[in-house]
Amino acid sequence: MNCRMGKYAYILLIAAMLIGPVVAHAVHGSGEASAPGGTEDRLIIITPDGQEIRNEYRWAFAQWHLVKYGTPVDLEFLTPGGTADIRRQLDTIYRAIRDAHGGNLPPENQVDIGIDMVWGGGDYEFNSKLKPLGILQPIQIDPNLLRQVFPQPTLAGVKLYDQDKDKSGNPLPPRWIGACLSSFGIIYNPDLCRSLGISPPKTWSDLTDPRFFASLSLADPTHSSSAGAAYMMVIQRGMADAEGEFFRTHTGKPAQLKAMPQYQTALDAGWKLGMSRLLLIAANARYFSDSSTQPPSDVAGGDAAAGMAIDFYGRVTEETVGPDRETFIAPRAATAITPDPIAILYGCHGKQLELANHFIEFLLSEPGQRLWILKPGEPGGPRDLALRRAPIRRSVYRDRSGWADDFDYFDTAGGFNQRGEWMGTFSELPSIWAAAWIDDRDELLDATRRILAVADPNHRAQLLAELSNLPVTRGDVTREIAEANRITADHSEDPDVWHATQRLNWAKRFAAHFAKVAAETAGG
Amino acid sequence: MRLSQRAVHRLVSLALYAFFAVFFLWPIARIMSRGFETHDGHLTFEYVWLIFQDPRLVRGMFNAIVIAAIVTLLCLLIALPLAVLSVRYEFPGRGFLGGMMLAPLVLPPFVGAIGVRLLLGRLGPLTVLLGMGGGAGFDWLGRFRAAGIILVEALHLYPILLLNLQASLANVDPTLEHAAANLGASRWTVFRRVTLPLIRPGIFAGCTLTVIWSFTELGTPLMFGFNTITPVQIFEQITDVAENPLPFALVVVTLVVAVTLYLTGKVFLGRSYDSATTKASVASAPRKLAGWHAAAACLPFVVVLALALLPHVSVILTSLSAPGQWYRSLIPREFTLAHYHAALTDDLAIPSVTNSAIYASLATAVALVVGLGVGMIAVRSRLPDRGFIDALAMLPLAVPGIVLAFGYLAISVGLKQQFQQRLPLWLNVQEMPVVFLVVAYATRRLPYIVRSIAAGLQQTPVDLELAASNLGAGRMAVLRRITLPLIFANLIAGALLAFAFALLEVSDSIILAQKEAYYPITRAILELSQRLGNGIYIASALGVWAMLLLTITLLAANRLLGRKMGAVFRV
């Protein structure tokens, strides 16, 4: 009997280990947004945003909706991965619906994909990828509220919400609205930089320093749209420098100068300069992670000396470990400040549409905006961790008491920002970058090591310049985009197979280039 | 009309065939069809050919095979000497050390990877220990990323080989070795030319399990950020499942490689329930060691144990470390229990425990019913296809979890495309993955339960069941009142193991659970490990809890099964 009791006591212990935490969780309480009163009202949002943002907004929105409308609403999140993963999933879902209805989407009240909204991922993704798919609903927002939130509809040339107009020039309801502002920058570990004898990086070019070899933490642009946007900033900085030089050396009004063919040639050269800088930065990478939260973690842990990250990732990590372990800086006049949008998906109707509009209302309200930046414990602030994102509503900047960070993107933005007209090559660039930096990683590292071993500094610099001069032009990429669009439109080939083949071809071309440069180091 | 026993067995076997057809063969068939079929239904090898043309994917496959081979070799090098020492010799502490050798099984390797990543950090404890912590440190993982994966996997998997080798060694007829020694062969020659060939089936059985497991492991390379490996490359494409045929082609190639590895091991093994293994006709008495001989015998156990417990210790220390305080130091500079408190209040952590407990319980119940059916057919019936049914039940060992999970995902997405809004919620894995997770866990853990039940049925004389039948008891009464009570310990032990490993299943959880509300523990740990701030510490706290649970479960199973425990982990 005692032996049997002893044997089965283990089972009781297992049961206790399973039930105990659940009971403790219930006793300690949680942030369950559905707790107040319980609710069946639920809004489903697909997002790449991290859990800290999801938790805080889930709880805050439930409270806000209870107070304003008398019932709490729960937010349920789908997190299939990064922005590209979300776009693929949505594209697949809607394509299946179109295929089942003769190529067109049926009326909205006949569509139910089980997802109501898409939130986060950058304005380029919403404007140039999701909107053309025809899957974003016009948001019926009060124009007065829009003017109240956005007294200026743009920030240094970047639209803060979708601003299409009809044929008469009247504004159409926006299909996406910015919920907060994002910037990109450099993160570095001052302690490790000192040990490596490198000055803290201040510009993108500083990251090309060969002393950073195998010490940078970077994210894969085919998985992380924030990484892709940061890399695009490097290219746009190059193009802006080339444009500035062109304007300095040619006389005439900007509109006239831009019409000159030499202007496009100058932009091409600027684009190449940006690509070169990126290649040298990539050559210094330890590896490329799928997750954009990995670089701040690597830098803070001392595994990498520096990296590139979205602003709030850098700031949150800096707060956790202290500035001597990780510091975030936005390169002066070289980084974009862009909105992070929210949109309602096609097919959201009835009660769900009403709730979706309420969520947008909350996001744009002062409490919803302050939640991005207040310290934990402040009235209206987050429960656990400061989110450290920049509000997009101008009026909240008048009172910054209780803020985790004291900055104002509306003041600091100016001169340089993301130029929509220069984003034309962005759709294909991530896979071209990946072909050079990731697929040909061994060849790139081999060539870089050989170059760094060359004794003559002039020869070394010349070889690095040659290495970074990838055999690809802006025109090549533009033509590839046109070809991709054609294949998608006429279904002459499987688009996925075509893209995979294109990436293979780029990788082969770049590998040959790296091998050729590596061979030139043989003379020493 | 009372059915004959044969008829009942046949009905049960048909039900089993239906189960395997729907939950095992259909997902694999779905993958195969998408990997070899164009959009308009024609057969094509283009997609598979494209896999072999893509250097990134070829490199991924190469890395997966090489890492699996190195892990298996390392496991063999660790396990073989330990097995020989523990079976052939007796020395103080043998029992305790032998039991502790199974310690690695209590920690899912991808959780151990969290700790090992910190241990091998550029400015981490290893660097400090080697006196390099003052400067720029040494980037172990930057230079030898795969080494971290190999270390974690080898230290987790060697117990499986150890159990197989111990069982094989115990079954070797010592008279053969004595005869060789009497003919003048040295101890090493006897081992090399008599013992090793006799235990070869055990070596191949353990190596088969190890190499397939390592080849298809997803969680550990994910944690190390090692993306150029096939399982991670498959995982990266799960959002493209509906339209893109390339992920299916990659899964097909993975499946073919894994099945080839399994069949290779099976050919060398050739074991069945009917035939006895090479059982010793005389019991082999272990040689007693004393003095420094005994100490020398303990030494490899202590060294291996110290290395094997590194991931456990590092996860525990991470869970107790104040954020950012394990930096340029051997142990954290500051300790805290705050992460355990945070885990208790976190909206992701504890709800995932509830989810996992529910899924694992349901899966265990399903696996018990199916496993009992397989056991009865394989051991008690005289059906000509009983061996085939047994082999079907063991096939989940050969088919990687990532492949099955991918297949379920593809089935669900396909049904969604076909039925749109008419599809019931429980069939839409992206909305509600519960059913698919339960089925995936049940299928994957079925071999443990079948093994355990079959072992129990083999030990239970059929005469007792016949006697009860002769006295007028119906078949259900015989099952309920004679058979089940007699194999109760085996049922419980198999259920415990299946429950515990289902609770901490990695590949299925990561691929199928896409909605936070349905996250099981392992998905929650992955999500937490990527959260900024204190996420990695909460993940470690949850990992420590998982470690304790698995420890208690294994102890319970060991208590119930005794020496038969090893049979559960054998092919």
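The values are calculated or read from the model by the stated rules, or taken from the named source; none is laboratory data. If you're wondering where the values come from, they're calculated on a predicted model, not measured in any experiment. Using ideal geometry, Cβ is built from the backbone for each residue, glycine included, and neighbour counts are taken over all protein chains shown. Areas reflect the complete protein model, heavy atoms only, side chains present, ligands, DNA and RNA absent. Shrake-Rupley method; radii C 1.70, N 1.55, O 1.52, S 1.80 Å.
Data table
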| quantity | calculated |
| --- | --- |
| Shielded residues, the stretch B:528-560 - accessible-area loss of 40 Å² or more between chain alone and all protein chains, probe 1.4 Å | B:Gln530, B:Arg531, B:Leu532, B:Gly533, B:Trp545, B:Leu549, B:Ile552, B:Arg559, B:Leu560 |
| Global geometry of the stretch B:1-80, whether rounded, prolate or oblate, following the gyration tensor of its Cα atoms and the 1.5 cut on a/c | oblate |
| Residue order for B:Ser469, A:Ser291 - accessible surface, 1.4 angstrom probe, largest first | B:Ser469, A:Ser291 |
| Kirkwood hydrodynamic radius over Cα pairs of chain B, then Stokes diffusion coefficient at 25 °C and 0.890 mPa s, in µm²/s | 97 µm²/s |
| Approximate spin-label separation A:Leu172-A:Glu40, in nm, with each point projected 7 Å along Cα-to-Cβ | 3.7 nm |
| Mean Kyte hydropathy of -1.0 or more with a Cα span along the axis of at least 18 Å, helices from DSSP in chain B | B:5-20, B:55-88, B:145-171, B:200-216, B:246-269, B:291-308, B:349-375, B:401-419, B:434-459, B:488-503, B:535-561 |
| All-pairs Cα distance distribution in the stretch B:279-341, expressed in whole percent, bin size 10 Å | 18, 26, 20, 16, 13, 7, 0 |
| Ratio of Rg to Rh over the stretch B:6-46 (Cα coordinates, Kirkwood Rh, two decimals) | 1.29 |
| Rotationally averaged projected area of chain A (alpha carbon convex hull; nm²) | 33.0 nm² |
| Quarter of the Cα convex hull surface for the stretch A:138-219, i.e. its orientation-mean projected area (nm²) | 8.6 nm² |
| Simple Cβ-charge dipole of chain B, Lys/Arg +1 and Asp/Glu -1, about Cα centre, in debye nearest 20 | 1600 debye |
| Gyration tensor (alpha-carbon) shape descriptor, the stretch A:192-251, a/c threshold 1.5 | oblate |
| Expected-Rg normalisation [2.2 N^0.38 Å, Cα atoms] applied to the stretch B:130-260 | 1.55 |
| Area accessible to solvent at A:Arg237, 1.4 Å probe radius, in Å² | 50 Å² |
| Chain A - mean residue ellipticity at 222 nm from DSSP helices (-39,500 (n - 2.57) per run, n ≥ 4, rounded to 500) | -15000 deg cm²/dmol |
| Per principal axis, descending, Cα span of the stretch B:348-403 in whole Å | 50, 23, 9 |
| Inter-probe distance in nm under a simple model that places probes 7 Å from Cα toward Cβ, at A:Lys165 and A:Arg383 | 4.6 nm |
| Debye log10 I(q)/I(0) for the protein assembly as shown, one point scatterer per Cα, at q = 0.05, 0.07 Å⁻¹ | -0.35, -0.68 |
| Shape of the stretch A:320-430, Cα gyration tensor, a/c cut at 1.5 | oblate |
| For peptides B:454-466, A:328-340, sequence by mean Cβ density within 10 Å, most packed first | A:328-340, B:454-466 |
| Mean Cα-pair separation over length for chain B, i.e. relative contact order, pairs under 8 Å, 6 or more apart, % | 22 percent |
| Förster-model FRET efficiency, 35 Å R0, A:Lys131 and A:Lys375, C-beta, rounded to 0.05 | 0.45 |
| 5 angstrom amide H check on A:Tyr161, placed H, neighbours 5+ away | A:Gly178 |
| Inter-chain Cβ neighbour average for residues B:395-408, partner chain, 10 Å | 0 |
| At 1.002 mPa s and 20 °C, Stokes diffusion of the stretch A:93-151 via Kirkwood alpha-carbon radius, µm² per second | 157 µm²/s |
| Buried accessible area, chains A and B (both chains, 1.4 Å probe, Å² to nearest 100) | 6700 Å² |
| Shielding by partners - mean other protein chain Cβ count within 10 Å, residues of A:88-95 | 5 |
| For the stretch B:84-200, alpha-carbon Rg over 2.2 N^0.38 Å | 1.52 |
| Chain A - share of DSSP beta bridges that are antiparallel (%, nearest 5) | 65 percent |
| Using alpha-carbon coordinates, inclination of helix A:2-28 to the longest axis of chain A, degrees | 80 degrees |
| Cα-projected label distance for B:Trp188 with A:Lys508, points at 7 Å along beta-carbon direction, nm | 5.2 nm |
| For residues of A:497-508, the mean tally of beta carbons on other chains within 10 Å | 3 |
| Stokes-Einstein D for the stretch A:214-299, Kirkwood Rh over Cα pairs, 37 °C, 0.692 mPa s (µm²/s) | 229 µm²/s |
| Of all accessible heavy-atom area on the stretch B:136-220, the percent that carbon and sulfur account for (1.4 Å) | 62 percent |
| Principal axis box of the stretch A:408-524, alpha-carbon based, largest edge first, Å | 52, 48, 21 |
| Cα-based equivalent ellipsoid, the stretch B:23-131: semi-axes from gyration tensor eigenvalues, Å | 43, 23, 15 |
| Rg [Å, one decimal], Dmax [Å, integer] - the stretch B:157-201, C-alpha atoms | 11.6, 38 |
| Loop-located chymotrypsin sites (Phe, Trp or Tyr not before Pro) in the stretch B:289-373, at most 11 other Cβ atoms within 10 Å (DSSP) | none |
| The stretch A:257-308 - Rg and Dmax from Cα coordinates, angstrom | 16.8, 50 |
